[in-house]
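Structure first, then comments.
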Amino acid sequence: MEKLLEILEELEPDVDFENCENLVDGRYLDSLTILSLISEIEDAFDVQIPTVEIVPANFNSAKKIWALIERLQEED
Amino acid sequence: MSYFNVLYAFVALPILVALYNIVPKKIRPILLLLASYAFFFSYSKFLIVFVMLSSLSIYLAGRKMSSLESKKKEKLEGLEKEEKKAVKETYQKNKRNVLVFTIIFNAFFLFIFKYLGFFVKNTNHLVSFFGGNNFLPIIKLAAPIGISFYTLQAISYLVDIYREKIEAEKKLLKVMLYLSFFPTVVEGPITRYGDIKDTIYEGTRVTYQNFCFGYQRILFGFFKKMVIADRLNIFVKIIFTDYMSYSGPAIFLGAIFYTILLYMEFSGTMDVVIGSAEMFGITLPENFRQPFFSKNISEFWSRWHISLGQWFKDYIFYPVSLSKPVKKLTTGIKKTFGNRVSSLTMGGIALFAVWSLNGLWHGAGYQYLFFGYYHFTLILLGNIFEPWIVAFCTKAHINRKSIPYRIFQTVKTCILVFIGELFFRADGLRAGFSMMKRILTDFQFHHIGREIASLGLDIKDYIVLAIALLFVLGISILRERRIPIREKISKKPLVLRWTLYYVLIFAILIFGAYGKGYVPVAPIYADF
Amino acid sequence: MKNALKSILFMGIFFLLLIGTSYWLLPQEAVYHYGIIKTAHYDILGEEKDTIDVVVVGDSLIYSAVSPMEIWHEYGFTVFDSATQGQLIRDSFKHVQVAVESQHPKMILLEANVLYRDAKNKPWSYDYEEWFKMYNPYQGYHNNWKRRLLTMFQNEDDFTNINVFKGFKYITDSEPTTKTNYMKKSKKKKKIPEENQRYFQQIVKYCKDNNVKLVVISTPSMKVWNYAKHNGIEKFVSSYGIDYVDFNLDDTIDIDWNTETRDQGDHLNYKGAIKFSHALGAYLKKTDLVVDHRSDSAYQSWNEGYRIYQKSLK
């Protein structure tokens, strides 16, 4: 989680990631930023994020993103 | 029968509502399907077979994919890990074949109806370089109504099954209704099976409240279209056909008016569409979210024709940018230039694909392709330069959250959009460029008063337009603040409420630009 | 139940308001004489009583080709187009009746093409749509708000009151045709549908009873007209002793089908209409049935109308 927050803050320094619940719907993360994010996550946590999982519900908060990462790690 | 036909909104629709409430719950989806097919037939006559074919093909493909999936599960039981992988791969491959084949099948019709003419013209052009003349015969085909919309829905249905996001539907009837549902079939919004399947087949009674809410929305749509769009059309038509006779500022005003017209026409249609569906308890996704309040072009596209943008995002943008070849390409870049550059490249490639298709989707013509690449360039540049802009603002002590800066951003975005729509509406690319050239080189403001007066609208028309636009703006601001307008109104006393409705109705009847001397805007998106 | 009552009440108030605002928007004198619905439906009722000498009844060919104000300017005849899109002859009969009742014209010109339009080819919804239009009194008049608002403040009856187009539709679009020589002589004769024949008989009788001269005319149209139709009409109409003038055969009009049609030879555009109106005026003059009103003080609204008409042509 710490690592994820670090990545997020580096991408968008202005956003309060710990509390924000509508990262995608509130347009804090646009699609190109999500691409960077995915690429960072894939490197940092050694997971593959399939296209199906790229939905607002999975990316709207740091917690949700973390949950996604954990789920993908388990599935592997 | 267009959505703005009185016969649709105030005769056919109430009759359907009455019938819907009379028949038993189980019959209701069938009634909706019959109504949808009748509606489709009224536009495209026997071309209706194509929407039936599409429905049948995706239904069968869906069943096939789901049976492959269950067979796979059966086989997997009690296998070793290594064998499992092999089995998974074969089934995945079979599923993919079904998917690809059905998508091609559906896209083929789309190509034939929409792009064959364009293709033939360009091939002939190419061949003529080598001395050939009219190499291929030019055929003009009338396309089934809404083919651009329902084909995208068909593809989303297939891909969602393939991705196991939804289960394949067991009943053919339901798939048929999904593709041809009468409110959405002509101009969208492009719905996803998973989003509407629960409500569309539910068959809940039309309640008094839904009925009233539906009609409120429909009336608002009529207002936008008949009072604003059809009136602006007079001005816009003259400017775009005879642009050589007008000054730069007048042409730019024409571009602004066209953009407003397009918004009022399309979002007005969506109001009628969403209002119609709402009566039957079906919530359709919104297609517009106050697009002119956007800070940049990328945000604009998440507020304008949302369902199309979302479709491209889910089925083109992410799959392309995360596809193996693109990833392979960008890992190299990543090592040397870092993550930002690599994901920009990745996104750039995918964006390019998205906007090529987006341009083509709007029609077979170079001005549409140009329109696509124009927005592609703006979005990409916006992303590339963002860090510098941020740095510049911090250095110059500009607060990027301050109101003046926000206004600056919004105005800038609107101007960029106006320019894009100018090319979109212009009669071919060449006309678009000469109009643009006039705007940039001809600053003769002293004619503007006379020109505005000579473009078919008089001072009273401009007053009506101003009041109507302020009214729509007011509603947009309320929506932006997430204030539930209709719920608020329904709590007001009856006299006040009814007065409001009557004012709206009679504003349309009296100030609507219809009847003699007016040419209503043809449904713009129905042709895409 | 409560909701049903509420809906009925809502609709009731709606219709009351509709009637009320109609009085505000429609020409009041005509409403007083003919009622809202009729006034709204027949433009000619907005004209002052017994001022029109020639009424041209027919379909879109008429309102695209005959511009009464051009004829007024050149010859001083008062002509009015009582034409509607895709008119059926049964409607033409009604237009003739209304015209005679309100204007007692000297002549009625009937476009021959309506004799060939078969009611069977109309979509099933046609009657309902027509009915619906009938009951929207605003159709032709809602734009009068402009004038009403103005007169409310200025308290003067300005001349924007006048229907300056007199039923003509001003369209400048131009789309050339690729056809040539559409009036090739032939012996063929196209049959007129039985039902239309009956309506025509009624029109003939009605005009005779009211002492109005009826003439059947064909306006230039490359797409719609041909020699077989010409022969069919000529034979049929002459059996009733009615004159038939086919302007498609009048070479002096000299329509340029490259620039003077708005839709590939189907309808004339404004340029074509100028030429045709000139020819029609010349024909009317020859009949000696109509007189020049230009210097008649009772017809000054027409002169004023012409001025506004000229201004509205852009």
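Every number here is computed from the coordinates shown, using simple stated rules; none is lab data. Since the model is a prediction, treat every value here as computed from it, not as a measurement. Note: ideal-geometry Cβ built from the backbone for every residue, glycine included; neighbour counts use all protein chains shown.
If the elastic network links every pair of Cα atoms under 10 Å, which of C:43, C:53, C:127 fluctuates the most in the Gaussian network model of chain C?
C:127
Which residue, C:135, C:126, C:244, has the most motion in a Gaussian network model of chain C that connects Cα atoms within less than 10 Å?
It is C:126.
For residue A:27, what is the net charge nearby, where nearby means another residue's Cβ is under 12 Å from its Cβ and Lys, Arg count +1, Asp, Glu -1?
Numbers: positive: B:289, B:295, B:303; negative: A:12, A:25, A:30, B:299.
Surrounding charge for residue A:27 is -1.
Mean separation of Cα pairs under 8 Å and 6+ residues apart, divided by the residue count of chain C: what relative contact order is that in percent?
In percent, rounded to a whole number, it is 25.
With +1 on each Lys and Arg Cβ and -1 on each Asp and Glu Cβ, and nothing else charged, work out how big the dipole of chain B is about its Cα centre, in Debye to the nearest 20. Provide the component values of the computation, followed by the final result.
On the way: 63 positive and 33 negative charges, 268 e Å.
Using only the charged Cβ atoms, the result is roughly 1280 debye.
Could you list, in their original order, any pairs among B:225/B:313; B:73/B:93; B:492/C:6 whose Cα atoms are separated by more than 18 Å? Each step should come with its number before you reach the end.
Details: B:225/B:313 29 Å; B:73/B:93 15 Å; B:492/C:6 16 Å.
Listed pairs above 18 Å: B:225/B:313.
For a test of the definition: using alpha carbon positions, the gyration tensor, and the 1.5 limit on a/c, classify chain A as rounded, prolate or oblate.
Values: a/c = 1.55, a/b = 1.39, b/c = 1.12.
It comes out prolate by the Cα gyration axes.
Quick one: Cα centre-to-centre distance for chain A and the range B:311-337, in angstrom?
If you average the Cα positions of each part, the centres end up 17 Å apart.
Among the lysines, which have Cα under 19 Å from the Cα of residue C:184 when same-chain residues fewer than 8 positions away are ignored?
Partners within reach: C:223, C:229, C:235.
Neighbour counts of other C-beta atoms within 10 Å: give me C:47, A:75, A:6 arranged from fewest to most.
Numbers: C:47 23, A:75 8, A:6 13.
Fewest-to-most ranking of C:47, A:75, A:6: A:75, A:6, C:47.
Can you tell me the dipole magnitude for the protein assembly as shown around its Cα centre, using point charges on the Cβ only (Lys, Arg +1; Asp, Glu -1), in Debye to the nearest 20? The partial results should precede the final answer.
On the way: 108 positive and 92 negative charges, 337 e Å.
So the dipole magnitude of the protein assembly as shown works out to roughly 1620 debye.
So which DSSP H runs in chain B come out at 27 Å plus along the axis (Cα) with average Kyte-Doolittle of at least -0.5? Write down the numbers at each step before the final one.
Working: long enough: B:48-76 (42 Å, 0.25); B:81-110 (43 Å, -0.37); B:248-279 (46 Å, 1.19); B:339-362 (34 Å, 0.65); B:366-395 (42 Å, 0.79); B:403-425 (33 Å, 1.00); B:459-480 (31 Å, 1.75).
Helices meeting the span and hydropathy rule in chain B are B:48-76, B:81-110, B:248-279, B:339-362, B:366-395, B:403-425, B:459-480.
Tell me what chain B gives for mean residue ellipticity at 222 nm when only DSSP H runs of n ≥ 4 count, each as -39,500 (n - 2.57), the sum divided by the residue total, rounded to 500 deg cm²/dmol.
Details: 23 runs with 364 residues, N = 528.
That calculation yields -23000 deg cm²/dmol at 222 nm.
Need one word for the range B:293-424: rounded, prolate or oblate. Basis is the Cα gyration tensor (sqrt eigenvalues a ≥ b ≥ c); a/c below 1.5 gives rounded, then a/b vs b/c decides.
Working: a/c = 2.20, a/b = 1.10, b/c = 2.00.
It is oblate, given that a/c is not under 1.5 and a/b is not larger than b/c.
Taking the Cα centroid of the range B:89-128 and of the range B:1-29, what is the distance between the two, rounded to the nearest whole Å?
36
Rank the residues C:1, B:346 as a footprinting-exposure proxy: fewest other Cβ atoms within 10 Å of their Cβ go first. Show your work: numbers first, answer last.
Working: C:1 5, B:346 26.
Neighbour counts put them in this order, fewest first: C:1, B:346.
How high is the relative contact order of chain B? Use alpha-carbon pairs under 8 Å, at least six apart in sequence, and give a whole percent.
Details: 619 pairs, mean separation 100.4, N = 528.
Value for chain B: 19 percent.
Tell me which of C:249, C:233, C:265 sits at the most positive position along the dipole axis of the range C:225-265, charges placed on C-beta atoms (Lys, Arg +1; Asp, Glu -1).
Comparing the listed Cα positions along the dipole, C:233 ranks first.
Assigning unit charges at the beta carbon (Lys, Arg +1; Asp, Glu -1) and nothing else, what dipole magnitude in debye, to the nearest 20, does the range B:238-329 show about its Cα centre?
The dipole magnitude comes to about 680 debye.
Between the range C:249-314 and the range B:417-496, how many Å separate their Cα centres?
37
For the protein assembly as shown, with the dipole built from +1 on Lys and Arg beta-carbon atoms and -1 on Asp and Glu ones, taken about the Cα centre, which of B:505, C:5, B:385 lies farthest toward the positive end?
C:5
Which helices count as membrane-span-like in chain C under these terms: full DSSP H, at least 15 Å along the axis by C-alpha, Kyte-Doolittle mean of 0.5 or more? Intermediate values should be presented prior to the final figure.
Values: long enough: C:2-25 (34 Å, 1.32); C:89-103 (20 Å, -0.37); C:194-209 (23 Å, -1.59); C:227-238 (16 Å, -0.60); C:270-287 (25 Å, -0.19); C:300-312 (18 Å, -1.80).
Answer set is C:2-25.
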